[in-house]
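The values are calculated or read from the model by the stated rules, or taken from the named source; none is laboratory data. All values reported here derive from a predicted model rather than from experimental measurement. Every residue, glycine as well, gets a Cβ built from its backbone with ideal geometry; the counts of neighbours run over all protein chains shown.
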Amino acid sequence: MRHTLAGFAGLILAVAVAVPVAANSTDRFSFDDVLHREYSCGVLETTQVYGEGTAYFGADGTWLSTTIRFRYDGLFTDSATGAMITAKGRQILSEQAGTIILRGQGTFIRVPGEGVVNFDVGRLVFDLRDGTTTFASAKVIPFDDPDAPARVDAAVCSLFG
């Protein structure tokens, strides 16, 4: 699930600081967290985020890059009716020299009997320093699209309307 650029920036920074530095090495790590979001219509999203990653270091011990495999298991609940919809996602994040590449599936919501109603998939490349998108495949929702949050909010709310 896509949340905010600031969230990813904070996550990458935390991982870079938490991983010990060793010459010519790779360090593996994992984490899990829960994200919460409330939409304008009162729908509550709870998403469990799992990550497994590897940080790569050069011969002099300097950080070279990080790769993280994300798995998202989300639940959208209409606070008024109690109706629920699940959402799943998988993404691979790579960072090197301030460039983030996300590949795979971000937001993916399937409603029983209706099929897929929200699909954010492909490849997104952005600059971590200023958040600008340098590449986005056709079905990706970029972080720097000012209309994207409103479109996602409307899509989620329409599921329960």
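With the requirement that a residue be at pLDDT 95 or above and within 18 Å of the chain's Cα centre (by Cα), what does the range 16-30 give you?
PHE29, SER30 - these are the residues of the range 16-30 that are at pLDDT 95 or above and within 18 Å of the chain's Cα centre (by Cα).
Let me spell it out: the conditions are (1) at pLDDT 90 or above; (2) more than 21 Å from LEU159 (Cα to Cα); (3) within 16 Å of the chain's Cα centre (by Cα), and ASP145 meets all of them except one. Which number is the exception?
(1)
All but one of (1) over 21 Å from ALA150 (Cα atoms); (2) outside any strand (DSSP E or B) hold for TYR56; which doesn't?
Of (1) over 21 Å from ALA150 (Cα atoms); (2) outside any strand (DSSP E or B), only one is false for TYR56: (2).
Would you pick out the residues in the range 66-84 that are small (Gly, Ala, Ser) and surrounded by 14 or more Cβ atoms within 10 Å (Cβ to Cβ)?
Of everything in the range 66-84, just one residue is small (Gly, Ala, Ser) and surrounded by 14 or more Cβ atoms within 10 Å (Cβ to Cβ), namely GLY74.
Could you go through the range 50-59 and let me know if any residue there is of a type in the set (A, V, I, L, M, F, W, C), surrounded by 16 or more Cβ atoms within 10 Å (Cβ to Cβ), under 25 Å from ARG28 (Cα atoms) and at pLDDT 90 or above.
Checking the range 50-59: at least one residue is of a type in the set (A, V, I, L, M, F, W, C), surrounded by 16 or more Cβ atoms within 10 Å (Cβ to Cβ), under 25 Å from ARG28 (Cα atoms) and at pLDDT 90 or above.
Would you please name the residue that is farthest from THR99 (Cα to Cα), looking only at residues in the range 143-156 that are touching a strand residue (DSSP E or B) at 6+ places or on another chain (Cβ under 6 Å) and surrounded by fewer than 19 Cβ atoms within 10 Å (Cβ to Cβ)?
ALA155
Do you know which residues across the range 73-96 are in contact (Cβ under 8 Å) with a residue 24 or more places away in the chain and in a loop (DSSP other than H, G, I, E, B)?
Scanning the range 73-96 gives SER79, ALA80, THR81, ALA83.
Check the range 104-115 and report whether any residue there is at pLDDT 90 or above and either closer than 19 Å to ILE141 by Cβ or not basic (Lys, Arg) (or both).
no
Go over the candidates ALA87, ALA136 one by one and state the one that is farther than 30 Å from THR26 by Cβ, surrounded by 16 or more Cβ atoms within 10 Å (Cβ to Cβ), at pLDDT below 90 and not hydroxyl-bearing (Ser, Thr, Tyr).
Residue meeting the stated conditions: ALA87.
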